[in-house]
Amino acid sequence: MYELINVGEKTWYMNAPTNVGFYLYNPPEVCLIDIGDRTSAENALAHIRENGWKLTRLYLTHSHADHVAGAAFLRAETGCEVFAPGVSAAAVKHNFLVSTTLYGGSASADMHGKLLMPPPCECAELTEDEPIPGLKAVRLDGHDMAQAVFGTTDGVWFTADTVISAGALEKHRISFIYNIAQHLESLDALKKIPGRLFIPAHDEPCADILPLVGVNRSSLLEVAGDILKMCETPQTMDDLIAQALEKYHIRLYLMQYLLVGQTVRSYVSWLLDRGRLKPVYEGTRLYFISEK
């Protein structure tokens, strides 16, 4: 864990709970792709100093805490610039936005835990002038409101959370997705990206990303089918969340309620848009039922 592994002439990655990319674009200047938590940031900085490199830029694929929590530490230690795509840049800077959007209102103190609200960090929005020459950025939204994947001149792609490991899907089946339609489009787009090596944020590198894309797509469609089956009889949103927690063997606590809750809501929205579900109103209650 936290080893620096060379995967190209200018490209390395550090194996960590969230894999961290290193791209030596203008020696000794190096940029990072994602950073994980404070421990990960400390280890990444140690590697940079041991190699005599200078950290100038940190590119965050999206705003979730397991990708950005160490950013404020790195910026304070090195003065590096920090970038993230679209609205994710605002969420990195204004750290309450993630828990607030998950909950759908002003979040309680317990909802502002470190797993949902990392230290705030000054962050600029990724533009056409960024990233630096030699590093490509492609928007693959859906898992988060805004997400980018990054590719180096060595043909190495850091694919963020566009795909998650087959092991994680086998264990729980359901994974966090903000927008189902966008996520499906991003899975299709990832299949078309040419590369020599693909490094997901939470899985081992692979030369062929297609099997993992297929597993992720199949899991998504299976969950959608499960929700449709649940709604063969009218269900409230809380009914659906409770059934999802039970079916996928997820222990209920506040953070999981927020994560699974938003994901179930995203599935419901997608199924409503596709005409597969319809809302039913009984008095002051809203139910969802499958369309025949």
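Of everything in segment 45-54, what is without any contact (Cβ under 8 Å) to a residue 12 or more places away in the chain and open to solvent by less than 50 Å² (accessible area, probe 1.4 Å)? Give them in sequence order.
A46 - this is the single residue of segment 45-54 that is without any contact (Cβ under 8 Å) to a residue 12 or more places away in the chain and open to solvent by less than 50 Å² (accessible area, probe 1.4 Å).
Pick from segment 13-27 the residues that are in contact with a helix residue (DSSP H, G or I) (Cβ under 8 Å, 6 or more places away or on another chain) and within 21 Å of E130 (Cα to Cα): which of them is surrounded by the most Cβ atoms within 10 Å (Cβ to Cβ)? Outline the logic, then answer.
Restricting attention to segment 13-27, the residues satisfying the condition of being in contact with a helix residue (DSSP H, G or I) (Cβ under 8 Å, 6 or more places away or on another chain) are 14, 16-18, 20, 22.
Keeping just the survivors that are within 21 Å of E130 (Cα to Cα) gives 20, 22.
Numbers: V20: 28, F22: 25.
Residue satisfying both the conditions and the ranking: V20.
Any idea which of V68, V20, V30, V7 is in contact with a strand residue (DSSP E or B) (Cβ under 8 Å, 6 or more places away or on another chain), closer than 14 Å to P119 by Cα and either at pLDDT 95 or above or of a type in the set (D, E) (or both)?
Values: V20 fails: closer than 14 Å to P119 by Cα; V30 fails: closer than 14 Å to P119 by Cα; V7 fails: closer than 14 Å to P119 by Cα.
Of V68, V20, V30, V7, the one residue that is in contact with a strand residue (DSSP E or B) (Cβ under 8 Å, 6 or more places away or on another chain), closer than 14 Å to P119 by Cα and either at pLDDT 95 or above or of a type in the set (D, E) (or both) is V68.
Test of understanding: among L286, L252, L272, which residue is touching a helix residue (DSSP H, G or I) at 6+ places or on another chain (Cβ under 6 Å), hydrophobic (A, V, I, L, M, F, W, C) and exposed (fewer than 15 other Cβ atoms within 10 Å of the Cβ)? Steps first, answer last, please.
Values: L286 fails: touching a helix residue (DSSP H, G or I) at 6+ places or on another chain (Cβ under 6 Å); L272 fails: touching a helix residue (DSSP H, G or I) at 6+ places or on another chain (Cβ under 6 Å).
The conditions single out L252.
Of the numbered conditions (1) surrounded by 14 or more Cβ atoms within 10 Å (Cβ to Cβ); (2) out of contact with any Gly (no Cβ under 8 Å at 6 or more places or on another chain); (3) within 27 Å of G36 (Cα to Cα); (4) of a type in the set (A, V, I, L, M), A224 satisfies every one except a single condition; which is it?
So the condition that A224 fails would be (3).
Please state which of the following conditions A148 fails to meet, knowing it meets all the rest: (1) within 21 Å of F22 (Cβ to Cβ); (2) surrounded by fewer than 18 Cβ atoms within 10 Å (Cβ to Cβ).
Result: A148 fails condition (2) only.
Which of the residues spanning segment 115-132 are aliphatic (A, V, I, L, M) and out of contact with any Cys (no Cβ under 8 Å at 6 or more places or on another chain)? Break it down stepwise before answering.
Residues of segment 115-132 aliphatic (A, V, I, L, M): 115-117, 124, 126, 132.
If the condition is that a residue be aliphatic (A, V, I, L, M) and out of contact with any Cys (no Cβ under 8 Å at 6 or more places or on another chain), then L115, L116, M117, A124, L126 are the ones that fit.
Within segment 159-186, how many residues turn out to be among the hydrophobic types (A, V, I, L, M, F, W, C) and open to solvent by 10 Å² or more (accessible area, probe 1.4 Å)?
Step one: list which residues in segment 159-186 are among the hydrophobic types (A, V, I, L, M, F, W, C), which gives 160, 163-164, 166, 168-169, 174, 176-177, 180-181, 184.
Keeping just the survivors that are open to solvent by 10 Å² or more (accessible area, probe 1.4 Å) gives 164, 166, 168, 174, 176, 181, 184.
Of the residues in that region, 7 qualify.
Does segment 70-91 hold any residues that are under 21 Å from E42 (Cα atoms) and under 13 Å from the mean Cα position of the chain (by Cα), and which are they?
Initially, segment 70-91 is screened for residues under 21 Å from E42 (Cα atoms), giving 70-84.
Across segment 70-91, the qualifying residue is only A84.
Across segment 28-44, what is the total count of residues that are open to solvent by 10 Å² or more (accessible area, probe 1.4 Å) and touching an Asp or Glu at 6+ places or on another chain (Cβ under 8 Å)?
1
The values are calculated or read from the model by the stated rules, or taken from the named source; none is laboratory data. Keep in mind the model is a prediction, meaning the values are calculated, not measured. Every residue, glycine as well, gets a Cβ built from its backbone with ideal geometry; the counts of neighbours run over all protein chains shown. Note: areas computed on protein heavy atoms with side chains; ligands, DNA, RNA excluded. Shrake-Rupley method; radii C 1.70, N 1.55, O 1.52, S 1.80 Å.
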